[in-house]
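Read-outs: derived from the displayed coordinates by stated rules, not from any lab. No experiment lies behind these values; they were computed from the predicted model shown. For neighbour counting, all protein chains shown are included, and Cβ atoms are generated from backbone atoms with ideal geometry for every residue, glycine included.
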Amino acid sequence: MDGYEISTDRARLDLRAIHAYLVRSYWSAEIPLETVERAARNSLCFGVYETASSAQVGFTRVVTDYATFAYLCDVYVLEEHRGRGLSKWMMREVMAHPALAGARRAMLATRDAHGLYEQFGFVVTGKAGNLMEHVRPDIYRVRAAADSP
């Protein structure tokens, strides 16, 4: 994307900027900075940065075992940078990341972004309608067949 880049380099994360967004979000209101720091330290994080200023304008945190399961959370793009396809680009990068590409199950919770996630294979699950998952039950069988001579 022109004018933006995505990185998983933890050293680039602007934890104060992430915290500033999360404390005003519906899912993490009043979250302490220390909790944001610890969560980022123990997760696979994707930052979206404006190239010209290096300012962080988006974020996704993935809780994962790096093999079979991923839980996407804290996904956002700052309001002034929306409408440019950044959230779709970020989701493509997340879903294609080598640590997640082989995951059998990816989940997330959303109140209002179902349309975005449905584009990446997520479907609503559960009674509340806010949980979504992307399940590939045969992924190991498909990979084994592809790896055999």
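Per residue of the range 117-127, what does 6.51 cos²θ - 1.76 cosθ + 1.60 with θ = phi - 60° give for ³J(HN,Hα)? Whole Hz please, x for Gly and Pro, Karplus curve as stated.
Result, ordered by residue: 6, 4, 5, 10, x, 7, 10, 5, 9, x, 6 Hz.
Where the eigenvalues come from the Cα gyration tensor of the range 4-147, what are the semi-axes √(5λ) of the equivalent ellipsoid, largest first, in whole Å?
Ellipsoid semi-axes (Å, largest first): 25, 18, 15.
Grab the beta carbon distance between Ala55 and Glu30, set R0 = 30 Å, and tell me the FRET efficiency rounded to 0.05.
The calculated FRET efficiency here is 0.80.
Can you bin the range 1-85 into rounded, prolate or oblate? Criterion: square roots of the alpha carbon gyration tensor eigenvalues sorted a ≥ b ≥ c, rounded for a/c under 1.5, prolate for a/b above b/c, oblate for the rest.
Values: a/c = 1.61, a/b = 1.23, b/c = 1.31.
In terms of gyration-tensor shape, oblate.
How charged is the neighbourhood of Leu13? Take every other residue with its Cβ under 11 Å from the Cβ of Leu13, and add Lys/Arg as +1 and Asp/Glu as -1.
Around Leu13, the charge tally is +2.
Say the dipole of the range 4-147 comes from +1 at the beta carbon of Lys and Arg and -1 at that of Asp and Glu; which of Gly83, His134, Val63 then lies farthest toward its positive end?
In the range 4-147, that residue is His134.
Do the sum for the chain: with -39,500 (n - 2.57) for every DSSP H run of n ≥ 4, divided by all residues, what is the mean residue ellipticity at 222 nm, to the nearest 500 deg cm²/dmol?
Value at 222 nm, helices only: -7500 deg cm²/dmol.
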